[in-house]
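Visitor: Attaching a single structure in structure tokens format; questions to follow.
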Amino acid sequence: MEQFKTLTQWLQWLETCHPKEIELGLVRIQQVAEPLHLTHFPIPVIIVAGTNGKGSTIATMESCYLQQGYRVGVYTSPHLICFNERVRINGNNIDDATLINSFQTIHDNLNEISLSYFEFTTLAALLIFKNTSLDVLILEIGLGGRLDAVNIVESDITVITTIDYDHQDYLGDTREQIGYEKAGIIRENKPVVVMETDIPQTVRDTIQQKNATAYFYQKDYAEIATEHLAIPASNIATALKVIDLLQAQLPVSAEAINMGLKQIKITGRCQIINEKPLIVIDVAHNAQSAKRFAEFITSKAQDKKVYAVFSALKDKNIAQLVAPFVDIVDEWHIAKLNTPRAAKVEQIQQHIEKKSVVYQSIADAYYNLLSKVTENDMLIVYGSFFTVGEILSICRSVQ
């Protein structure tokens, strides 16, 4: 029996269908996945975990493979504007009808097993990939690694980008614990590419236990010269190392790589959406990404007056998000995000020493500043996928 007719209806149901928003563990999801044959694919599968750098590393691999003419499937999360962004086929977001059909099939095969939003939607994505003719599949871990829904899939090569403090409620309070969780994606006797240079011992231990072949950034591979300011050279180098290791199965020419690097599409990372005034957005939502964004802004700010539109989720370390911008931002403009996970305005204000202007919504803050800033000023928007997503929705609606 058909459950829902529209994608919106499905997504609304998924938000309330499971008692916990996040419930790590693979037993329940495997019970649904295995009868549908969603854990093994007849093509090379790349799984990427890490605190930061996952999106840009994936985008680099995707772009190079597409330039070579391969059929590429990509799964990422969260989305910025619409859910369809999470599932890409050959560089294009999946359409509503395909998602709806996939949701229905997963629903019909639950057999009274309750899945979380992420578990259910991950299975739906895998079903789409299973039913699509592809040459390579690139999957991003949502949270951690070892117990993340994506980790049910058998992979040919894994990537660990960076290991920093994030999601401590689920992953642990130390880098050793967090590293252990992320290293859970490493497969027996398979290669793993590690971009993190300050590697926790737990990661090294897992590599040894799994007899995996590890390639470490700045030891086994190095960065190449690149003009791509929005993507750190380390991320590009890591993506190219993966491509190199899969050359026997998926040959990619130097020409395709050069073209691919020029064509990388990545939304919401050091993204300039306007020149005068200079408006830059970034989904930075942890200490490491905030520091990187602050360095990018410093390189662009010069003598400009800098206004910040900022908000974050309540489980984030807001002090660490704000700290790199203390000497950069002249005025803070804040609002509570439209999600149950949002930090209260009072919680944000505790960490901002300068006077902050409070609004009903991120959109209100943004519109107010647009009417105020001059073409010589700079406006930055950051703190969460929710914060940036709201601004990108505004930009899309006025195009």
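Bear in mind that the values in this text are calculations on the coordinates, not laboratory data. Because the structure is predicted, anything quoted here is derived from the model rather than measured. So basically every Cβ, Gly included, is an ideal-geometry build from the backbone, and we count neighbours across all protein chains shown.
Visitor: Quick one: if the Förster radius is 22 Å, what FRET efficiency do E34 and Q3 give, using the C-beta to C-beta distance and rounding to 0.05?
Guide: Efficiency, rounded to the nearest 0.05: 0.50.
Visitor: Under 20 Å from the 7 Å Cα→Cβ point of I328, by amide nitrogen: which residues of region 347-374?
Guide: 348-357, 366, 369-370, 373-374
Visitor: Hey, what number do you get for the chain at 222 nm if only DSSP H runs of n ≥ 4 count, each worth -39500 (n - 2.57), divided across all residues, to the nearest 500?
Guide: -10500 deg cm²/dmol, from helical runs alone.
Visitor: Counting only residues 5 or more places away or on other chains, whose amide H sits under 5 Å from the amide H of I157 once H atoms are built in the peptide plane?
Guide: The list, which skips near neighbours in sequence, is V45, I47.
Visitor: Say a paramagnetic label sat at a point 7 Å from the Cα of I113, along Cα to Cβ; which residues of region 154-179 have their backbone N under 17 Å from it?
Guide: Within reach of a label on I113, which here means backbone N under 17 Å from a point 7 Å along Cα→Cβ, region 154-179 contributes 154.
Visitor: Using a Förster radius of 25 Å, what is the FRET efficiency between T374 and C395 based on their Cβ-Cβ separation? Nearest 0.05, please. Could the numbers behind the result be given before it?
Guide: On the way: r = 20 Å, r/R0 = 0.80.
The formula returns an efficiency of 0.80 here.
Visitor: All other residues with a Cβ under 10 Å from the Cβ of R292 taken together, and with Lys, Arg as +1 and Asp, Glu as -1, what is their net charge? Numbers along the way, then the final one.
Guide: Values: positive: R269, K291; negative: D282, E295.
Counting the neighbours of R292, the net charge comes to 0.
Visitor: Could you check the spin-label model distance between K300 and D205? Points 7 Å from the Cα along Cα→Cβ, value in nm.
Guide: Going by the 7 Å Cα→Cβ label model, 4.2 nm.
Visitor: State the label only: which of (1) 19.5; (2) 20.5; (3) 22.6 corresponds to mean projected area of the Cα convex hull in nm² computed from the shown model?
Guide: Recomputing mean projected area of the Cα convex hull in nm² here gives the entry labelled (1).
Visitor: With both partners inside the chain, how many of the DSSP beta bridges are antiparallel, as a percent to the nearest 5?
Guide: Of all bridge pairs located within the chain, approximately 20 percent are antiparallel.
Visitor: Over the chain, what is the relative contact order in whole percent, taking alpha-carbon pairs under 8 Å and six or more residues apart?
Guide: It comes to 17 percent, rounded to a whole number.
Visitor: If packing is taken as the mean number of other Cβ atoms within 10 Å per residue, what is the order of 216-222, 43-49, 64-70, highest first?
Guide: Answer by packing, highest mean first, reads 43-49, 64-70, 216-222.
Visitor: Step through the table entries K314/K354; K219/K316; K54/K262; K304/K344, compare each Cα-Cα distance with 24 Å, and write down the pairs that go over it.
Guide: The pairs that break the limit, which is 24 Å between Cα atoms, are K219/K316; K304/K344.
Visitor: Can I ask one more? Rank the residues T98, T162 as a footprinting-exposure proxy: fewest other Cβ atoms within 10 Å of their Cβ go first. Can you show the working numbers first?
Guide: On the way: T98 17, T162 25.
Fewest-to-most Cβ neighbours within 10 Å comes out as T98, T162.
Visitor: About the Cα centre of region 7-262, what is the dipole size in debye to 20, counting +1 per Lys and Arg Cβ and -1 per Asp and Glu Cβ, all else neutral?
Guide: 460
Visitor: Note down the nm distance, to one decimal, between modelled labels 7 Å out along Cα→Cβ at N84 and at Q104.
Guide: Roughly 1.8 nm, to one decimal.
Visitor: Within 10 Å of each residue's Cβ, count the other Cβ atoms and sort S114, S234 from fewest upward.
Guide: The order, fewest Cβ neighbours first, is S114, S234.
Visitor: Of T298, C270, L240, whose Cα points farthest to the positive end of the dipole of the chain (charges on the beta-carbon: +1 Lys, Arg; -1 Asp, Glu; origin at the Cα centre)?
Guide: Sorting the options by dipole projection puts first T298.
Visitor: Could you tell me the center-to-center distance, by alpha carbons, between region 336-369 and region 166-207 in angstrom?
Guide: 34
Visitor: OK, next. Straight-line reach from K210: which aspartates and glutamates fall under 12 Å, measuring Cα to Cα and dropping same-chain residues less than 8 apart?
Guide: Candidates past the 8-residue exclusion: E188.
Visitor: Sticking with this one: To make sure I understand, if each residue's beta carbon is the centre and we count other beta carbons within 10 Å, what order do C270, C82 fall in, fewest to most?
Guide: Starting with the residue having the fewest Cβ neighbours, the order is C82, C270.
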